[in-house]
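A short worksheet on the structure shown next.
Here, each number is a calculation from the coordinates, and none is a lab measurement. Treat the numbers as computed from the prediction; the structure is a model and nothing was measured. Please note: Cβ atoms are built from the backbone with ideal geometry, for glycine as well, and neighbour counts cover all protein chains shown.
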Amino acid sequence: MSLEASALRALDLLAPRRLVAILHCDDPVFLGSSRGAINLTMQVLSRWCFEHKAEFHVGDNKTVAMVLGGGLHSGSDMAGQVADVLLPCAGGPVTQALTFKVWHRWLGIPFDARLCFRRVLQERLRLASGEFAALPGLLESRVAPLHFALELFEAKVDSVVAFARWLFCMVPDAKDLLDAQYETWAKQLLGVPSWKNGAVARCELGWGLSGYARALLAVAMRRAALWRLPDDDLYKSVFVAGHGVTTSSWAKCSLDSSQAVGIVDWPSCATAQQTKSAYKKCVSDVLQQVCYSEWQGAVARHGALVPYGWEQFAGNHIQAVRRLSLSWSDQLCVWSWCRLRAGWIMLSGVRGLPSRARCQNCLFCDSRVSKPMVHCLSCCSHWCTFRDAFVHATGGLVETAGRLAVAVLATKPRDVSFCVVLRWADAMDRESHRLQRTARD
Ligand SMILES: [Zn+2]
């Protein structure tokens, strides 16, 4: 740091009239190697303001001073230790001292003096959670179909995170925070408690990419956009030079986090002459494979009649359902269909309530059951109408009880029996809820 400061000071001495500024509309940033250098800049700025009848709003949330890389000192600590940065008034006697801050909101992003963007990440997740809050209710009350809620999620919730997503590669625990949040949202969308398997929930919603993988995709695309700029572009020059600095930089952090998962950087990509959309597809494929490896370990802890594998992970059945042009009432059943497949509709219990007991009773016919899913789909007297309709639609080829249950759960959107299964799942989900409410009362 002392070498860097010395070099900056040498530049000041070589070019004393140099002003270092980032001008963005009415939010300029002025940089200086020392308090003396920045105070000289303030004097020049003050004269310019007087000549052009411009004025800076000075206050804690307006024009402030920051020491980049200056550690964790609070504004008051800094004020006690260092000389003020002063904005003199060229037209009169009033001189204003800028408040020192450790972070300041610039262009909508809270910039931290240590270039740590954890505060940004936490703020974005908090704002996105606020937007998310209404979505589970829409699904549970059957006001909106699942695919509609997922589109709302992308437009209203994910877009809030996406605003600053390319910066999250600079947050050391970004993977933990983002992956946990997206799995929580997935479980809440499917109406299940937090201790259920988040990997299964993500799969049911067709979210192949984890929360962190979404961030890495944004990072790769931001790097590609910068590489594509002309060589004499200032933004590109700073980006390229950022790889060689000894301190932390976005260029270095983004390259390290991309390479850690095997993403090929834009200039090294074999098909570098291709379009951005082709590169995005290439990066997405790499990330999907990485996520699949992690997902397999997590999903193995979930017991299900129909095993979750690559077909379920990569095949987005929500999109497949959307292309079917189902009636509105059938579209509303898709939510319960996902819950049924994951085994998250309560089918058995003790006296109608959830229980961990080995022997439980079927919620619908009250008979003693050891495998409630197999029982309800293949034997339960309560569901014979739906079962007959399913067997009829499939041509009556299923033989054993276990195979019948698996056949129901493995039904795909393109199968002729799909609508029967949708309505069956919905009826089962609603009846289960009704019986649980009755048992509690
Ligand atoms: Zn039963």
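For the reader, a short list of remarks on this structure follows.
- Residue 360 long-range amide H proximity, modeled H, under 5 Å: 369
- Amide H contacts of residue 85 (H built 1.01 Å from N, under 5 Å, at least 5 apart or other chain): 98
- Whole-Å distance, taken between Cα centres, linking region 243-285 and region 42-65: 40
- Converting the Cα gyration tensor eigenvalues of region 311-366 into ellipsoid dimensions via √(5λ) gives semi-axes, longest first, of 31, 15, 6 Å.
- Folded to 0 to 90 degrees: helix 418-440 orientation relative to the chain principal axis, Cα: 90
- Rg then Dmax, both in Å and based on the Cα atoms of region 118-302: 17.7, 56.
- Burial order of peptide ranges 109-118, 294-303 (average beta-carbon count within 10 Å, highest first): 109-118, 294-303
- Net dipole in debye of region 306-441 [+1 Lys, Arg Cβ; -1 Asp, Glu Cβ; about Cα centre; nearest 20]: 360
- For residue 348, residues with placed amide H under 5 Å, excluding near neighbours: 363
- Student exercise, the chain dipole from Lys, Arg, Asp, Glu Cβ charges, in Debye to nearest 20: 840
- Taking the inverse of the mean reciprocal distance over all distinct Cα pairs, the Kirkwood hydrodynamic radius of region 325-440 comes to 14.4 Å.
- In the structure shown, the pairs 252/280; 156/276; 156/412; 276/412; 187/412; 280/412 are assessed against 26 Å; a Cα-Cα span above that value is assigned to 156/412; 276/412; 280/412.
- Evaluated with a Cβ-only charge set (Lys, Arg +1; Asp, Glu -1), region 160-310 carries a dipole of roughly 260 debye about its Cα centre, given to the nearest 20.
- Square roots of 5 times each gyration tensor eigenvalue, C-alpha, the chain, largest first, Å: 58, 24, 18
- Using alpha carbons only: equivalent-ellipsoid semi-axes of region 359-414, gyration tensor based, whole Å: 21, 12, 9
- Taking a straight line from the alpha carbon of residue 53, these lysines sit under 26 Å away, with near neighbours fewer than eight places off in the same chain left out: 62.
- Note that region 158-164 has calculated 3J(HN,Hα) couplings of 4, 5, 5, 5, 5, 3, 10 Hz, one per residue in order, obtained from phi through the Karplus relation 6.51 cos²θ - 1.76 cosθ + 1.60 (θ = phi - 60°); glycine and proline are x.
- 3J(HN,Hα) along region 371-386: 10, x, 5, 4, 4, 5, 7, 10, 10, 4, 5, 5, 10, 5, 5, 5 Hz, from the Karplus curve 6.51 cos²θ - 1.76 cosθ + 1.60 with θ = phi - 60°, whole Hz, x for Gly and Pro.
- Taking the chain and dividing mean pair separation by its residue count, relative contact order in percent (alpha carbons under 8 Å, at least six apart): 10
- Residue among 348, 419, 391 farthest towards the positive dipole end of region 325-440, charges placed on Cβ: 348
- Between the Cα long axis of helix 250-260 and the first principal axis of the chain there is an angle of about 30°, rounded to the nearest 10.
- Mean Cβ neighbour count within 10 Å, used as a protection proxy, ranking 246-258, 338-350 highest first: 338-350, 246-258
- HN-Hα J in Hz across region 137-148 - Karplus 6.51, -1.76, 1.60, θ = phi - 60°, x for Gly and Pro: x, 4, 7, 5, 8, 6, 8, 10, x, 4, 5, 5
- Rounded to 5, percent antiparallel among DSSP beta bridges of the chain: 85
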